[in-house]
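J.: Before anything else, here's the structure in question.
Rule-based calculations on the coordinates, nothing more; no lab input. Note that the structure is a prediction, hence the values are computed from the model and not measured. Here Cβ is always computed from backbone atoms with ideal geometry, including for glycine, and neighbour counts include all displayed protein chains.
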Amino acid sequence: MSYSTFKILFTSILSTGLICANAQSDSPVVSKNISKKTGITISGKITDAKTGALLPGASVFIPDIHKGAIVNNDGDYNINNIPSGKYLVEVSYVGYASEAQTIDLTTPTQHDFALQPTAVEQEAVTVTGVSSAIRIKQNPQPVEVVKRQDFIGTVSTNAIDALTKLVAGVNAVSTGPAVSKPFIRGLGYNRVLTVNDGVRQEGQQWGDEHGIEIDDYSVQRVEVLKGPASLMYGSDAIAGVINILTQIPAPEGIIKANFLSEYQTNNALRGFYGNVGGTKNGFSWNVYGTYKGAADYQNKYDGYVFNSRFNDKDFGAMAGYAGNWGYSHLLVSNFDQHLGIVEGNRDSATGNFVKEMPDGEEAIVGNDDNKSLSMEVPYQHVRHFKISTDNHFKIGNSSMDVILGYQNNQRQEFGDPAAASIPDAWFSLHTLNYVLHWHLPYTHHFKTTIGLTGMYQVNRNMADEVLIPDYQLFDIGGFVFSQYTKNKLTITGGLRYDTRHDAGDALMQDGEMKFAAFTKNFSDISGSLGMSYELTKALALKVNVARGFRAPNFAELASNGAHEGTNRFEIGNNQLHSEVSLQGDAGIELTTEHVSLDASLYYNHINDFIFYERVPAASGGDSIMIDPGTGEQLEVFRFAQQTANLYGLELSLDVHPHPLDWLHFKNVFSYTRGKFSHALDGSDNLPFIPAARWITSLGVDILKKGNVVRNIYAGMESDYNFAQDNAFAGYNTETATPGYWLLGAKISADIVSKGKTICQLSITGDNLCNIAYQDNLSRFKYLAINNVTGRQGVFNMGRNFGIKLNVPLRFDY
């Protein structure tokens, strides 16, 4: 299929979806047993369960149809124009345990909620890895939810960096402050699937130095599913899913706005974000924009790390309508980032960083060079444009979700100082995504969904340097998923079949065959079966078994060239098989008014695990290739396969000891161990396995009802990373990493006037002792040796203070 045909196909499908959305508003099938004007209405009061006090400002939300309301000053809420059916309704309010109940909304319903005061978050709802919203306590799969307020209170340089500090079992392979590749339980790259507003994010995830390309300021909510999720998402989700929601419709009759700014001292990061959206009579809209820029970061060993700077300029918008037939939303986003590439080259006499000049000579970097926001060669320019339509249609007693998306990821790499504006490498990736879920009627405690998902992808090389071939990919999978809930028991399970067709194009370069044309087909079965049992309202036990698979990506199948971001010459292998994983999880969840405990154990067996190994030379030692672009010597790596096993545990304990409810004591611990079934060059350890980590925070929450200042939080945080001695030492790929201990502090408060929050202010300090350390998953760890100090690589960020000002606004529409 040509790219022109591809664009025509996408435009046709998108137009058809919008026409269907409009036609549904007049559908006689939908209007059966429902008022065509208003649909079903749910209303009631939200009160304090202990005192009976009204709770104005509480939120009532129905996740499956993206509808909600804010409780008024009389304690009342009202949501109308609801398609007839059974829905999970979630009610939340700061300082109270969230309440989630499944309610039959086939007739106008009056339903009051009484919320219990609590010092810890208790009830949460997820839509990730399931066909419809479910309470996390009922979900057998391990899922964690991170809310916007958690992001605002965390100092980070990107969305994944923030998640590593908030979710046990989530780590990142970092390439400086701008790029963090998500890892879940020791697995990353194409094994972790990122979903953004219903569409899987596609942006050359195979690259070490390629991030997820989502604006972190726009994040409203993140749900992290740990473990194989191929049943719902197909290939590339054998490690888990990071589901990022950025554009959520405002409650009916409300205009919401948010303005945020921040500054970080270490690299002079400055960021600004603005967002405004509203809903009136079912019509919703939203717009946002972001600017973020940072100079070079610093630490006590390296000083300023030359060319670690970056800047982002992003925007997005949403428009849609919700009626008694369902809803239809059109979403647009654009991510635009420039980021420097740290090469780590130094002057042999002084140990200072050097940069290459246009005349080919090297110059020592000066202080003024480190404080600029302008890019120095080498650098990348990454753009990710996405447009999608998210639809939900009520059809008789059933319903259907239809999501169509188009995204274009463009990655340019600039490496020649004499031609700094001409890209050496340029990947242009076009992807059409489609999702179809048919939700059958809720009958006899069963909720069943039949689905079809997939994508069509075209990659084109637009510059001289080529690492992977031009290619086309078509992917389609069908599944059935069912959920049984009765009293305290929930059982979920399903099966899925996927098939993927890859076609790589031939390329002649300088009279030689760079890539030979090839086609490959990959098919496999995925499935899961799990159970959750609530022994009491506070205690739930969970067990889940899941089978997933991942087809090799094109870098693994066909790469042939210098990978500038990794200083390797990579050779693909088009005889690779799909990875197949079988994972078992067991967990316990305990939530009381003053204690929250979440613990889980897992074991993951992977057949045909794909990794890269050094290629030995025929004469002994390592094979060396010369980069034709730079003249540098690069070690040659190829992709291979081996059976692997991973196991580990995660523990989260949050305590507010009674009667000291204002005292907040939280511990998060994670441990992962990964091993090959047979040693490779004397090492049986898997690469990229994070070190065990223990984060402890102790703080106080006071002045909950102040007239001018309220919700004051002050606390300290200990972040201890254990030594990682189980590195993959085969072929000299990895080295052991010593442990390190970081201390942080935070103080935050809300400024109020007449009972309304005017702004939220937070001040944080990270790495207060200015420890020089290298994270085990930092790619900078393996940069060149400093001949003056004898230390290899570049160290992570030193002491950093941050200040954030968040201004939330809300108006009646």
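J.: In whole Hz, what ³J(HN,Hα) sequence does segment 53-65 give by Karplus (6.51, -1.76, 1.60; θ = phi - 60°), x for Gly and Pro?
T.: Residue by residue, segment 53-65 yields 5, 5, 10, x, x, 5, 10, 10, 9, 10, x, 5, 10 Hz.
J.: Check which residues have an amide H placed less than 5 Å from K280's amide H, if you skip close sequence neighbours.
T.: Placed amide hydrogens put G253 under 5 Å from K280.
J.: Hey, can you grab everything whose amide H is under 5 Å from the amide H of I341? Only 5+ residues off in sequence or another chain; H modelled, so Pro and N-termini drop out.
T.: Y379, Q380
J.: Placing +1 on the Cβ of each Lys and Arg and -1 on the Cβ of each Asp and Glu in the chain, which of I468, P808, Y612 has its Cα farthest towards the positive end of the resulting dipole?
T.: The residue sitting farthest along the positive end of the dipole is P808.
J.: At what distance in nm do the modelled label points of V788 and L743 sit from each other, each positioned 7 Å from its Cα along Cα→Cβ?
T.: 3.0
J.: When the helices in the chain are scored as -39500 (n - 2.57) per DSSP H run of 4 or longer and the sum is shared across all residues, what 222 nm value do you end up with, to the nearest 500 deg cm²/dmol? Don't skip to the end; give the middle numbers.
T.: On the way: 6 runs with 48 residues, N = 813.
Computed mean residue ellipticity for the chain: -1500 deg cm²/dmol.
J.: Along the charge dipole of the chain, pointing to its positive end and built from +1/-1 on Cβ of Lys, Arg, Asp and Glu, which listed residue (G454, Y603, V89) has its Cα farthest out?
T.: Toward the positive end, the furthest listed residue is V89.
J.: With θ taken as phi - 60° and the coefficients 6.51, -1.76 and 1.60, list the Karplus ³J(HN,Hα) couplings across segment 315-327 in order, rounded to whole Hz; mark glycine and proline as x.
T.: Karplus-based 3J(HN,Hα) across segment 315-327 equals 8, x, 7, 8, 8, x, 9, 10, x, 6, 8, x, 8 Hz.
J.: Only four residue types carry charge here, +1 at the Cβ of Lys and Arg and -1 at the Cβ of Asp and Glu. Report the dipole size of segment 273-369 about the Cα centre in Debye, rounded to the nearest 20.
T.: Working: 7 positive and 13 negative charges, 178 e Å.
The dipole of segment 273-369 has a size of about 860 debye.
J.: So if I place +1 on the C-beta of Lys and Arg and -1 on the C-beta of Asp and Glu, and nothing else carries charge, what would the dipole magnitude of segment 460-569 be about its Cα centre? I want it in debye, nearest 20.
T.: Details: 12 positive and 13 negative charges, 234 e Å.
The calculated dipole for segment 460-569 is roughly 1120 debye.
J.: Still on this structure: So what's the gap between the Cα centers of segment 478-536 and segment 553-594, to the nearest angstrom?
T.: 14
J.: Let me ask you something else. Taking the Cα centre of each part, how many Å lie between segment 241-314 and segment 670-723?
T.: If we compute the Cα centre of each part, the gap is 24 Å.
J.: Residue by residue, what Karplus-based ³J(HN,Hα) values in Hz, rounded to whole numbers, does segment 278-294 have, using 6.51, -1.76 and 1.60 with θ = phi - 60° and x for Gly and Pro?
T.: x, 9, 9, 6, x, 7, 10, 8, 6, 9, 8, x, 9, 10, 9, x, 9
J.: Sticking with this one: So which aspartates and glutamates pass the test for K371, namely a Cα distance under 12 Å, with those fewer than 8 places away in the same chain ruled out?
T.: D296
J.: Using Cα pairs closer than 8 Å and at least 6 residues apart in sequence, work out the relative contact order for the chain, in percent.
T.: On the way: 2329 pairs, mean separation 84.6, N = 813.
Computed over the chain, the figure is 10 percent.
J.: Follow-up. Give me the number: length gained by fully extending K147 to K86, i.e. 0.36 nm times residue separation minus the C-alpha to C-alpha distance, one decimal in nm. Walk me through the numbers on the way to the answer.
T.: On the way: separation 61, 0.36 × 61 = 21.96 nm, distance 2.54 nm.
Gain on stretching K147 to K86: 19.4 nm.
J.: Assuming R0 = 25 Å, can you tell me the calculated FRET efficiency for the pair D505 and T735, based on Cβ-Cβ distance, to the nearest 0.05?
T.: Numbers: r = 38 Å, r/R0 = 1.54.
The calculated FRET efficiency here is 0.05.
J.: When the dipole is taken about the Cα centre of the chain, and only Lys, Arg (+1) and Asp, Glu (-1) are charged at their Cβ, what size is it in debye, to the nearest 20? Let's see the in-between values first.
T.: Numbers: 64 positive and 83 negative charges, 636 e Å.
For this selection, approximately 3060 debye.
J.: Starting from the Cα of K754, step 7 Å along the direction of its Cβ; do the same at A599; then give the gap between the two resulting points in nm.
T.: Rounded to a tenth, the inter-label distance reads 5.1 nm.
J.: Continuing with the same structure: So what's the gap between the Cα centers of segment 77-102 and segment 385-421, to the nearest angstrom?
T.: Taking the Cα centre of segment 385-421 as reference, the centre of segment 77-102 is 30 Å away.
J.: Report the calculated FRET efficiency for N770 and V700 (r = Cβ-Cβ distance, R0 = 22 Å), to the nearest 0.05.
T.: 0.30
J.: What pairs in K181/K313; K137/K181; K386/K781 have C-alpha atoms more than 24 Å from each other? Provide the component values of the computation, followed by the final result.
T.: Numbers: K181/K313 20 Å; K137/K181 29 Å; K386/K781 34 Å.
Those over the limit are K137/K181; K386/K781.
J.: Between K486 and E512, what is the label-to-label distance in nm when each label sits 7 Å out along the Cα-to-Cβ direction?
T.: 6.8
J.: How much FRET efficiency would the formula 1/(1 + (r/R0)^6) give for S374 and T265, where r is the Cβ-Cβ distance and R0 is 25 Å, rounded to 0.05?
T.: Values: r = 20 Å, r/R0 = 0.82.
Once the sixth-power term is evaluated, E becomes 0.75.
J.: Which three extents, in whole angstrom, do the alpha-carbon atoms of segment 631-747 cover along their principal axes, largest first?
T.: The Cα atoms of segment 631-747 stretch 65, 38, 22 Å along the principal axes, largest first.
J.: Set the bar at 30 Å for Cα to Cα. Now go through K147/K520; K300/K746; K147/K488; K542/K756; K292/K675; K67/K754 and name every pair that lies beyond it. List each step's numbers first, then the result.
T.: Values: K147/K520 41 Å; K300/K746 22 Å; K147/K488 27 Å; K542/K756 41 Å; K292/K675 40 Å; K67/K754 28 Å.
Beyond 30 Å: K147/K520; K542/K756; K292/K675.
J.: Further question on the same structure: Under Stokes-Einstein, with the Kirkwood radius over Cα pairs standing in for Rh, what whole-number D in µm²/s applies to segment 660-813 at 20 °C and 1.002 mPa s?
T.: Values: Rh = 18.9 Å.
This corresponds to a translational diffusion coefficient of 113 µm²/s.
J.: Only one of the values (i) 12, 37, 36, 13, 1; (ii) 13, 32, 29, 18, 7, 2, 0, 0; (iii) 15, 51, 30, 4, 0 was calculated from this structure for P(r) over Cα pairs in 20 Å bins from 0, in percent; name its label.
T.: Given (i) 12, 37, 36, 13, 1; (ii) 13, 32, 29, 18, 7, 2, 0, 0; (iii) 15, 51, 30, 4, 0, the calculated one carries the label (iii).
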